[in-house]
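Everything on this sheet refers to the single structure shown next.
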Amino acid sequence: MSAKPVRFLAIDAGGKRTGLAAGDAITRMAMPVEVLHIPRGPELLQAIERAVHEHAPDALVMGLPLNMDGTEGPAAKDARAFAEQVQQRCGLVVHLQDERLTSFEADQRMARSGRTRGEKKELRDALAAAALLEDFLRPI
């Protein structure tokens, strides 16, 4: 019998920036890790692989950009293809999680933080990854 995954690394992949967050199924908490300023492609895959080695997760969680009505569009298809590349590159199971409203939740968390607009923009993607991971961990 294989052990149930405990540690997760969440990846909120965007066109220009990718937020990373780490968390575990025991505490069900997620912490923003960093924002990678690398467009999708081989360099981003390499950076994600480095993050996987650094954080040693048991599995990965990636955002699935569904339409507001729950249907999948071209962005979801792209996300599935990218998740498959990450899974092949890193050798870990990749769970896809509905990412609707995670950026909104990140904005809400920062609304009264006292940070400048630039500081908020820098942190937003990592906070969105943390919200994504918290959503994933909630039902576990």
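The values are calculated or read from the model by the stated rules, or taken from the named source; none is laboratory data. What you are looking at is a predicted structure, and each value in this text was computed from that prediction instead of being measured. Glycine gets a Cβ as well: all are built from the backbone with ideal geometry, and neighbour counts include every protein chain shown.
Here are a few things to note about the model shown:
- Residues that are within 23 Å of Arg100 (Cα to Cα) and among the aliphatic types (A, V, I, L, M), drawn from the stretch 46-67: Ile48, Ala59, Leu60, Val61, Met62, Leu64, Leu66
- Qualifying residues in the stretch 77-92 (those that are over 14 Å from the mean Cα position of the chain (by Cα) and of a type in the set (A, V, I, L, M)) - the one surrounded by the most Cβ atoms within 10 Å (Cβ to Cβ): Leu92
- Check on Ile26, surrounded by fewer than 15 Cβ atoms within 10 Å (Cβ to Cβ), modelled with pLDDT of 90 or more and part of a loop (DSSP other than H, G, I, E, B): yes
- Just so you know, in the stretch 29-59 the residues that are in a helix (DSSP H, G or I) and in contact with a strand residue (DSSP E or B) (Cβ under 7 Å, 6 or more places away or on another chain) include one that is surrounded by the fewest Cβ atoms within 10 Å (Cβ to Cβ), and it is His55.
- In the stretch 115-138, the residue that is modelled with the lowest pLDDT out of those that are of a type outside the set (A, V, I, L, M, F, W, C), within 16 Å of Arg100 (Cβ to Cβ) and out of contact with any Ser or Thr (no Cβ under 8 Å at 6 or more places or on another chain) is Arg138.
- Annotation: Val61 fulfils all but one of (1) among the β-branched types (Val, Ile, Thr); (2) closer than 15 Å to Ala130 by Cβ; (3) at pLDDT below 95; the unmet one is (3).
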